[in-house]
Each structure stands twice: as C-alpha cells, then as structure tokens.
Amino acid sequence: MANVGGVTGDELRQFIERIERLEEEKAGIAADIKEVYSEAKSRGFDAKIMRQIIRIRKMEENDRQEQEELLDVYMRAIGMLPALEED
C-alpha cells in the first residue's frame, strides 16, 4: 500500500481493523452485561442500585469515604437528613 504524507496504508489499515475487532468484542461484552442486569432484575434486584454499587466498588477507599462524607454534609445542609447535634 502507498505511503502518503508519511502514513503507511498497510499499518494504518491494521490499526483500524484491530480497533474494529475490539469494538465488536466490546459490544458483545456490553450485551452480556445487559443480560446479567436483566437476569438480576427478574430476580427482584434493582439494576440502578447494582450499577451504583459497582461504581462505588471501583473507587479508592479514601475517595469513597470523602464522597460519602460530602454527601452527608450536603444532605444535612438542605434538610434531607437531620442536623448533627453540636456540643
């Protein structure tokens, strides 16, 4: 294949084909994940909550704790949780 503007056609085609194969695999995996969520839902589990748990489990412990603390502070600030008693 030709070398146009410093780009080798064969090498570029190989990269594109690899990406296309990976995209196909990714679509297949996404379909498998969707199927698992559907199965869990049919057994009474809430898929939204499961997604949230998975997102939280991916977080570093310190980041998770910081996020939970901020969430608590913000919810108390807008009255969604009772205010903490101060000494």
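Just one of the listed residues (27, 77) is within 19 Å of the chain's Cα centre (by Cα) and small (Gly, Ala, Ser), and it is 27.
Listed by position, the helices (runs of 4 or more DSSP H) contained in the chain that have at least 1 residues being charged (D, E, K, R), at pLDDT 95 or above and touching a helix residue (DSSP H, G or I) at 6+ places or on another chain (Cβ under 7 Å) are 9-42, 61-77.
Of all residue pairs spaced 6 or more apart or on separate chains, those with beta-carbon atoms under 7 Å, a first member in region 54-67 that is of a type outside the set (Lys, Arg) and a second member that is modelled with pLDDT of 95 or more and in a helix (DSSP H, G or I) are 56/64. For region 5-23, check the following and say yes or no: at least one residue is among the hydroxyl-bearing types (Ser, Thr, Tyr) and within 24 Å of the chain's Cα centre (by Cα). So far as region 5-23 goes, no, none of its residues is among the hydroxyl-bearing types (Ser, Thr, Tyr) and within 24 Å of the chain's Cα centre (by Cα). Residue check: is residue 84 hydrophobic (A, V, I, L, M, F, W, C) and surrounded by 10 or more Cβ atoms within 10 Å (Cβ to Cβ)? Taking the combined requirement at face value, the residue does not satisfy it. Filtering region 35-81 to residues that are surrounded by 10 or more Cβ atoms within 10 Å (Cβ to Cβ) and of a type in the set (Asp, Glu) leaves 35, 39, 46, 63, 66, 68, 69, 72.
The values are calculated or read from the model by the stated rules, or taken from the named source; none is laboratory data. Please read these numbers as outputs of a predicted model, since none were measured by experiment. Please note: Cβ atoms are built from the backbone with ideal geometry, for glycine as well, and neighbour counts cover all protein chains shown.
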